[in-house]
1. Between Arg24 and Leu71, what length in nm is gained on full extension when 0.36 nm per residue of separation is reduced by their alpha carbon distance?
2. FRET efficiency for Ile61 and Val83, Cβ-Cβ distance as r, R0 = 35 Å, nearest 0.05?
3. What's the angle, to the nearest 10 degrees (0 to 90), between helix 81-113's Cα axis and the longest principal axis of the chain?
4. Report, to the nearest 10°, how far helix 53-77 tilts away from the longest principal axis of the Cα atoms in the chain, using its own Cα long axis and a range of 0 to 90°.
5. With a 10 Å radius around each residue's Cβ, average the other Cβ atoms per peptide and rank 107-114, 88-95, highest first.
6. Mind ranking 97-106, 45-54 by how tightly packed they are, going by the mean number of other C-beta atoms within 10 angstrom, highest first?
7. Mind sorting out which of (1) -0.37, -1.18; (2) -0.47, -0.96; (3) -0.42, -1.04 is the real log10 I(q)/I(0) by the Debye sum over Cα atoms at q = 0.11, 0.19 Å⁻¹ computed from the coordinates?
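Where a number appears in this text, it was derived from the coordinates with a stated rule and is not lab data. This one's a predicted model, so the numbers in the text were calculated from it and none came from an experiment. Ideal geometry is used to build each Cβ from the backbone, glycine not excepted, and the neighbour counts take in all protein chains shown.
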Amino acid sequence: MTSCRATQPPLAAGLACRCPRCGRGRLFEGFLKVRATCPACGLDLAWADAADGPAVFVIFIVGGIVVALALLVESWFAPPYWVHLALWLPTILVGSILLLRPMKATLIALQYRHNAGEVRRDVAEPQD
């Protein structure tokens, strides 16, 4: 009998944006659209829904980093406000876009690992 556990650690599968079960198939078919099935192992990914979780974590991570850096820049250099705008607006946009995909993939991998939500392993994984 095979184990229902994923072969990949959730963080490794999430950062690579790969299937939470096999770690080989690509998880996304667009920027954030999850594939219907894994092309490598055939895992049905219809259950995969991270909702607003990835966005919340990205806001906390990017927001914390930008606020800390903005405070440091302000205290060390005291630049005009337009410099802050020129520095932090692109930083927020780029940081958020870069983190959103891996964060969504990581939350989906965690859902799979912990059998959370609507994950049906009896249907998703064949048993020997």
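1. Details: separation 47, 0.36 × 47 = 16.92 nm, distance 4.17 nm.
Fully extending the segment from Arg24 to Leu71 adds 12.8 nm.
2. On the way: r = 23 Å, r/R0 = 0.67.
Once rounded, the FRET efficiency stands at 0.90.
3. That helix lies at roughly 10 degrees to the long axis.
4. Around 20 degrees separate the two axes.
5. On the way: 107-114: 21.4, 88-95: 13.2.
Result, highest mean first: 107-114, 88-95.
6. Numbers: 97-106: 19.1, 45-54: 16.5.
Highest to lowest by the protection proxy: 97-106, 45-54.
7. For log10 I(q)/I(0) by the Debye sum over Cα atoms at q = 0.11, 0.19 Å⁻¹, the calculated option is (2).
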